[in-house]
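Encoded as structure tokens, the structure appears first; notes follow it.
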Amino acid sequence: MQYTFEELYPGNNYHHLQEIIDQYWSDQTPFWLVSPQSDNQHFVGCLWLGTAIDQVTGEAYTHLFVVYVTPKYRRQGLGTALLRRAEQWAVQQGNPQIGLQVFAHAQAARSLYEKLGYAPRALLLMKSVKQPERDGML
């Protein structure tokens, strides 16, 4: 997760990601690491899956927490292979759908997902709001 966030939003502190991992990591959320055949000590990609509930239908679906391939190994089929593995897991779990969140400006990732049949279903909208200034009073 941290690699993805650092790549898309450099310069931020991502210590909060550990809380997300602590909250969702379990034996019910499988995780795969990909390493080159010549060097199984370093990973070049990963996939982390879980199960979520569709807010519209109430049905369980496979949720992709993380799909990541290091920049050097992109456009070589690893992302597609990881997403195909996710589809296999979804079928094994009896889940009729797969969902994920992708950053709006992550165009390469969005293109891959769309090529494999993923389509937008919702938009996450954010707005910064000014916090009131404190005048020293509680």
Problem set entry | Single residue of Val44, Val56 found to be surrounded by 16 or more Cβ atoms within 10 Å (Cβ to Cβ) and more than 15 Å from the chain's Cα centre (by Cα) | Val44
Exercise. Out of all the residues in segment 13-29, is one or more modelled with pLDDT of 75 or more and surrounded by 10 or more Cβ atoms within 10 Å (Cβ to Cβ)?
Worked result: yes
Exercise. In segment 65-103, how many are outside any helix (DSSP H, G or I), surrounded by 13 or more Cβ atoms within 10 Å (Cβ to Cβ) and within 15 Å of the chain's Cα centre (by Cα)?
Worked result: 11
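Could you pull out the residue among Val56, Val44, Val91 that is of a type outside the set (S, T, N, Q), more than 19 Å from Lys115 (Cα to Cα) and modelled with pLDDT of 95 or more?
Val91
The values are calculated or read from the model by the stated rules, or taken from the named source; none is laboratory data. This is a predicted model, so every value here is computed, not measured. Here the Cβ is made from the backbone with ideal geometry for all residues, glycine too, and neighbour counts use every protein chain on show.
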